[in-house]
Amino acid sequence: MRFDPACPTGGSRPQTRRPRRGWPAALLGASLAAHGCGDPTAWGEANSLIVIAPTELWTQVEQQTYDVLEPTIYTTRDEKRFEVTQIDPSDPDLSTLRRFRNVIVFATPGDALLGEAASAAGMSLTGPIGRLAFQAADVWARGQTVTAVPLAPGREVETWIEALPSVLAAIDASYREWVLRRMFVTPADTALASELRRRFGFELLAPEVYDFVVRPRGDGDTLVIIRNDNPDPSELIRSVLIERGAPLPELTAEAALEWRAGIDSVQYNVAQAIDVSRSGVTRFQIDGRDALEVTGVWSDERGDFPAGGPFLVWLVDCPGRTYRIDAWLYAPNQPKYEYIIQIQQILGSFRCTSTG
């Protein structure tokens, strides 16, 4: 089918929960704009979840559903990872809203919508319910993921609530896959990874759209900055700085933050004040090497512009040296979960090498 450029491939994310009667104005506008488009392309924000379920049932599980399917992540504040909006199967807007990018169907076996999702997934709903949730692609729109939950007749509320953790896990996994596909529309820069291995003794994999800068340090060594400020630095910046240093006797949060405080005014265009009042500290291993992560929030140290965002500092213990890594994000007035996943993907590709 020919793509119709007038058909929306994105849409306004619901900014408020669905009222008892009627849809949020932003969502109604996008819904009306979608009518008349012949191309069945999924639309809506990837973190918006449309729940299709009878309102009578929804009112019994509404709060539990919000509590599980709208978890928060702390960036510069608590942000919801996903936004949930419910629609009754009898709602006249269903034919449009079921074309959202992410749809969840809660229904008992025999329901027509659940049957369509099962058919798309190659599943049979006859016999006992053997799983809490399953997913199907492109059920009512191209590029769509439908998460379906068969409810046990007579135990609809109980099986709905029991299924919520598996629904969240499935949605989060498919969302992360979507983020990484979108991130690597630009191919991974394998040439950069090879150069970093040859010159600096580590590997890191980022899309080719990231810029690569090498800067000298006062002790004669160098550090590396990998940065993406597309489409415009006033709208979005993802930055990763890697410095090779003398081995630390111990990887500590204090050492990580002391190092971080010493680089921002020297290496970044804007000196960054850091807030660690809600800092997280995690010890882990990467490729068999001891590592430590510290999270926090940075802000414009000058105070004349309200810029800020989350940061992650890594210390990685490698043979004969410790790598210090600072990754930070600037995405004003935007949900940040997607970009946090991108930064975590880049950091997770870090590897010590035997040269450098």
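The values are calculated or read from the model by the stated rules, or taken from the named source; none is laboratory data. Keep in mind the model is a prediction, meaning the values are calculated, not measured. Note that each Cβ is placed from the backbone with ideal geometry, even for glycine, and that neighbours are counted across all protein chains shown.
Values for this structure:
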quantity	calculated
Near pairs, Cβ below 7 angstrom, 6+ apart or cross-chain, from the stretch 322-349 (over 16 Å from THR295 (Cβ atoms) and touching a residue at least 24 places away in the same chain (Cβ under 8 Å)) to any residue that is surrounded by 22 or more Cβ atoms within 10 Å (Cβ to Cβ) and of a type in the set (Phe, Trp, Tyr)	TYR323/PHE202
Total residues in the stretch 154-189, condition surrounded by 12 or more Cβ atoms within 10 Å (Cβ to Cβ) and part of a loop (DSSP other than H, G, I, E, B)	4
Cβ-Cβ under 7 Å pairs, at least 6 apart or on other chains, the stretch 262-281 side assigned by TED's automatic domain parsing to the domain that holds VAL240, far side polar (S, T, N, Q) and surrounded by fewer than 16 Cβ atoms within 10 Å (Cβ to Cβ)	ALA271/SER265
Residue count, the stretch 305-356 (criterion: outside any strand (DSSP E or B), among the β-branched types (Val, Ile, Thr) and modelled with pLDDT of 95 or more)	4
In the stretch 248-270, residue surrounded by the most Cβ atoms within 10 Å (Cβ to Cβ) [restricted to those that are assigned to a loop (DSSP other than H, G, I, E, B) and under 27 Å from the mean Cα position of the chain (by Cα)]	TYR268
Unique residue being on the phi < 0 side of the Ramachandran plot and at pLDDT 50 or above when the list is THR65, THR16	THR65
Residue within the stretch 116-125 that is within 26 Å of GLN60 (Cβ to Cβ) and either without any contact (Cβ under 8 Å) to a residue 12 or more places away in the chain or among the polar types (S, T, N, Q) (or both) present	no
ARG244 vs. criteria among the basic types (Lys, Arg), closer than 13 Å to ILE325 by Cβ and not in a strand (DSSP E or B)	no
Leading residue by the ranking (nearest to the chain's Cα centre (by Cα)) among those in the stretch 70-97 that are part of a helix (DSSP H, G or I) and buried (at least 17 other Cβ atoms within 10 Å of the Cβ)	LEU97
Among the residues listed as ARG278, ARG289, ARG283, the single one being within 19 Å of THR322 (Cβ to Cβ), surrounded by fewer than 18 Cβ atoms within 10 Å (Cβ to Cβ) and under 23 Å from the mean Cα position of the chain (by Cα)	ARG283
Leading residue by the ranking (nearest to ARG101 (Cα to Cα)) among those in the stretch 211-230 that are surrounded by 14 or more Cβ atoms within 10 Å (Cβ to Cβ) and touching a residue at least 24 places away in the same chain (Cβ under 8 Å)	ILE226
